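Participant: Starting off with a structure, shown below.
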Amino acid sequence: MQKLLMIPGPCDIEENVLLQMSRQVVCHYGKEWVAIYNRTRDMLKKLFNTSGDVFIVNGSGHLSVETMLVALGEYEEEIAIVDNGFFAHRMIEILGTYGLRPKVLKIEWGKSVLPEQVEKLLNTYKKVKVLGIVHSETSTGALNPLKDIASVTRQKGVYLAVDAVSSAGIIPIDMEGWGIDFCATASQKGLGAPPGLAILAVSKRALEYIRNRKKPIPGWYANLQIWDRFNIEQAQFQPYSISLAVNLVFALQQSLENIIEEGVEERYKKHKKLSDVLKTGVKACGLDIFSEISESSPVITVIKSRKL
């Protein structure tokens, strides 16, 4: 009997994606492989609607988030974080390990942040150059209004760094149209592939910022300057600094092809409809959703537990 995964992630994988994991291993560099790698990146660019770059590296979503934050964090620069859930708080923890103390906008867990709250924070801390936010907060089921937040940060000239680990592939993200600078995600949730790949989409504006940092980024593996250098210097041979997990890329490519064949907009509508049906059913059972339905994510439903 096949088990159905009903957890926050990873998700169940389609059969044609699983088959890609059984392919013979191929060389992770050279002209033929780079064409496969770049096709996968191009599909991700289309999904995020970015004319910037997309990086794929072995690792979990935490690697893409840490790489994003470390790239933005300099001692003389101020970062702000919207803290309304466990994974938002994890961003604060990551910055702390590098000796960085962000300005924190604390929001009640289960609530979504309002654009006017972000604007007030940025008006208070005028030196803030970066705002970090979780799009869909897995721990509470809250969905932050990314488009509206991006409108505020764009107006203020602040870089917007998004943890989209659980939302990418399920909820619309328009980096180019909304003005998002960084979008960190992973292979195993909304993208429908096995766990093991960290994915980071970066706008052209943000890449220029990274290239012109006053101080080099610390470390090596989670270092966007290293990723960017290899992407430029070895573009036709091996546009990354590691031995890439080729079968995971095969699987991700297939899952992205499935998404495109399904239709991106249709996929978004389907998940929203299924989420609404589930939440309505939960309420009909006399149970409560942790986040108000108007503020909740179509990715995950968090139900309040009751003592018997």
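Participant: Quick one: how many residues across the range 45-56 are open to solvent by less than 60 Å² (accessible area, probe 1.4 Å) and either β-branched (Val, Ile, Thr) or assigned to a helix (DSSP H, G or I) (or both)?
Facilitator: Residues meeting the conditions: 6.
Participant: While we're here: Counting only residues that are open to solvent by 30 Å² or more (accessible area, probe 1.4 Å) and either in contact with a strand residue (DSSP E or B) (Cβ under 8 Å, 6 or more places away or on another chain) or among the basic types (Lys, Arg) (or both), how many does the range 10-39 have?
Facilitator: Number of matching residues: 3.
Participant: Which residues, counting only those in the range 231-245, are buried (at least 18 other Cβ atoms within 10 Å of the Cβ) and among the hydrophobic types (A, V, I, L, M, F, W, C)?
Facilitator: Let us first name the residues in the range 231-245 that are buried (at least 18 other Cβ atoms within 10 Å of the Cβ), namely 231, 238-240, 244-245.
Leu244, Ala245 - these are the residues of the range 231-245 that are buried (at least 18 other Cβ atoms within 10 Å of the Cβ) and among the hydrophobic types (A, V, I, L, M, F, W, C).
Participant: Can you tell me which residue among Asp42, Asp83 is open to solvent by less than 30 Å² (accessible area, probe 1.4 Å), among the acidic types (Asp, Glu) and over 15 Å from the mean Cα position of the chain (by Cα)?
Facilitator: Working: Asp42 fails: open to solvent by less than 30 Å² (accessible area, probe 1.4 Å).
After applying the criteria, what remains is Asp83.
Participant: Looking at the range 199-230 only, could you name the residues that are open to solvent by 20 Å² or more (accessible area, probe 1.4 Å), part of a helix (DSSP H, G or I) and of a type in the set (D, E, K, R)?
Facilitator: Scanning the range 199-230 gives Lys204, Arg205, Glu208, Arg211, Arg229.
Participant: Now for a separate question. Cβ contacts < 6 Å: first residue farther than 12 Å from Gln253 by Cα and modelled with pLDDT of 95 or more, restricted to the range 25-49; second residue among the charged types (D, E, K, R) and surrounded by 14 or more Cβ atoms within 10 Å (Cβ to Cβ), any location; separation 6+ or different chain. Result?
Facilitator: The qualifying pairs are Asn49/Asp174; Asn49/Glu176.
Participant: What are the pairs, 6+ residues apart or on separate chains, where a residue within the range 269-294 that is in contact (Cβ under 8 Å) with a residue 12 or more places away in the chain has its Cβ under 7 Å from a residue that is of a type in the set (D, E, K, R) and surrounded by 14 or more Cβ atoms within 10 Å (Cβ to Cβ)?
Facilitator: Every condition considered, the pairs that remain are Ile289/Lys279; Ile293/Lys279.
Participant: Which residues, taken from the range 146-173, are open to solvent by 40 Å² or more (accessible area, probe 1.4 Å) and of a type outside the set (S, T, N, Q)? Let's see the steps before the verdict.
Facilitator: Within the range 146-173, the subset open to solvent by 40 Å² or more (accessible area, probe 1.4 Å) is 147-148, 151, 154-157, 172.
Of everything in the range 146-173, those that are open to solvent by 40 Å² or more (accessible area, probe 1.4 Å) and of a type outside the set (S, T, N, Q) turn out to be Lys147, Asp148, Arg154, Lys156, Gly157, Pro172.
Participant: Do we have any residue at all in the range 168-186 that's within 19 Å of Val65 (Cβ to Cβ) and charged (D, E, K, R)?
Facilitator: The answer is yes, given that some residue of the range 168-186 is within 19 Å of Val65 (Cβ to Cβ) and charged (D, E, K, R).
Results for (1) among the charged types (D, E, K, R); (2) at pLDDT 95 or above, shown as yes or no for each residue.
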position	(1), (2)
Tyr75	no, no
Ile79	no, no
Asp83	yes, yes
Met91	no, yes
Gly99	no, no
Trp109	no, no
Glu119	yes, yes
Lys126	yes, no
Gly132	no, yes
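The values are calculated or read from the model by the stated rules, or taken from the named source; none is laboratory data. Predicted model, so just to flag it, every value in this text is computed and none were measured. When we count neighbours, we look across all protein chains shown, and the Cβ atoms used for this are built from the backbone with ideal geometry, even at glycine. Ligands, DNA and RNA are stripped out before the accessible areas are found, and what is left, the full protein with its side chains, is counted by its heavy atoms. Shrake-Rupley method; radii C 1.70, N 1.55, O 1.52, S 1.80 Å.
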